[in-house]
Amino acid sequence: MSAPGPVDGLGDAASPGTGEVTATVIVNAPAARVFAAFLSWEKQSAWIPFTKVRVVEGDGGEGSLVEAITAIGPASLRDEIRVVKVNPPYEVRVVHCGKVLRGPGAMRCTAMSGDRTQVVLHEWFHLPAGAVGKVAWPVLWPGSKLSFTAALKKFGRLVEQGKLP
């Protein structure tokens, strides 16, 4: 999967960072339904642990700004996500453009036989704190491969159960 290209007005956040994470899941549902469920931004709170998601600008489509706040106890992390491309039912591209989380991401749906859909979520984060950030990345960041995959599996189950979108 290639990284999204530069996006006007987002500066270096639109360029891939070195913190790359990919997660894949097969969902037993048609691609259009899976895609619609993913774009239900506020409902992402149901499958992303400790996270409240809301659209703060726009309608959730291209150009929209989505906010995801992850809070564990008194600690919280705000993620600002600009939606830069929506190509239903195949692809959504975003740029994390906040102060801490920065970098492009993509979610792709590929229709498979039997009304199944392969979902691939791919993020390229810029790592904070230089060399320390690179070392700590797999351990500390909740978007690591294990938690990304677990969240995506939960997403798939919710779609299959008809709880999303």
Exclusive hit being of a type outside the set (Val, Ile, Thr), assigned to a helix (DSSP H, G or I) and either more than 13 Å from the chain's Cα centre (by Cα) or modelled with pLDDT under 95 (or both), set Ala32, Ala37, Ala3: Ala32
Any chance Val53 is closer than 29 Å to Glu160 by Cβ, in contact with a Lys or Arg (Cβ under 6 Å, 6 or more places away or on another chain), surrounded by 14 or more Cβ atoms within 10 Å (Cβ to Cβ) and not acidic (Asp, Glu): no
Residue under evaluation Glu20, criteria (1) within 24 Å of Thr149 (Cβ to Cβ); (2) touching a Leu at 6+ places or on another chain (Cβ under 9 Å); (3) surrounded by fewer than 17 Cβ atoms within 10 Å (Cβ to Cβ), criterion not met: (2)
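The values are calculated or read from the model by the stated rules, or taken from the named source; none is laboratory data. Just so we're clear, the structure is a prediction, and the values are computed from it rather than from any experiment. With ideal geometry, Cβ positions are generated from the backbone for all residues, glycine too; neighbour counts draw on all protein chains shown.
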